[in-house]
Amino acid sequence: MHVRLDELRGRTVLDANGRVIGRVRAALVDMETWLVDTLRVAVSRQAAADLDLPWSFWRSLWRPQTIDVSTGQINAAGDAVILRVSIADMREAAPHMAAEGLAAVH
């Protein structure tokens, strides 16, 4: 199945347990291999709390916190993107995240 990159924007991203992490902001293409290797996800308010990311109403209107999710962590994609890992696993995978947010926060 092929999907245009602009059609990915706005799709819901769920963790392995079915919790909403957020929505796809962009698909990032590796310019050397021409493969989509990362999805940039705008984090929802509930997921931000679980990931220890700062979240505010005003910031979320203009530029919400985002995380980069590698395509290796994606289990399935259709109307929604379902990850292989839970929010807790994402948090444990980056132990330095509590001090800085996530490593790939933009």
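Throughout, read-outs are computed from the coordinates displayed, never taken from laboratory work. Since the structure is predicted, the reported quantities are computational estimates derived from the model, not experimental observations. Positions of Cβ are generated from backbone atoms using ideal geometry, with glycine treated the same way; all protein chains shown enter the neighbour counts.
A few remarks follow.
- With the simple spin-label model, which puts each label point 7 Å out from Cα in the Cβ direction, the ARG63 to ASP6 separation comes to 2.4 nm.
- Gain in span if fully extended, ASP30 to ILE82, counting 0.36 nm per residue against the direct Cα distance: 16.6 nm
- Relative to the current alpha-carbon distance between THR71 and SER56, full extension at 0.36 nm per residue lengthens the span by 2.6 nm.
- Binned Cα-Cα distances of the stretch 5-80, short to long, each 10 Å bin given as a whole percent: 19, 51, 26, 4
- Phi-based couplings in Hz for the stretch 7-20 (Karplus 6.51, -1.76, 1.60; Gly and Pro marked x): 7, 6, 4, x, 6, 6, 10, 10, 7, 5, 8, x, 7, 6
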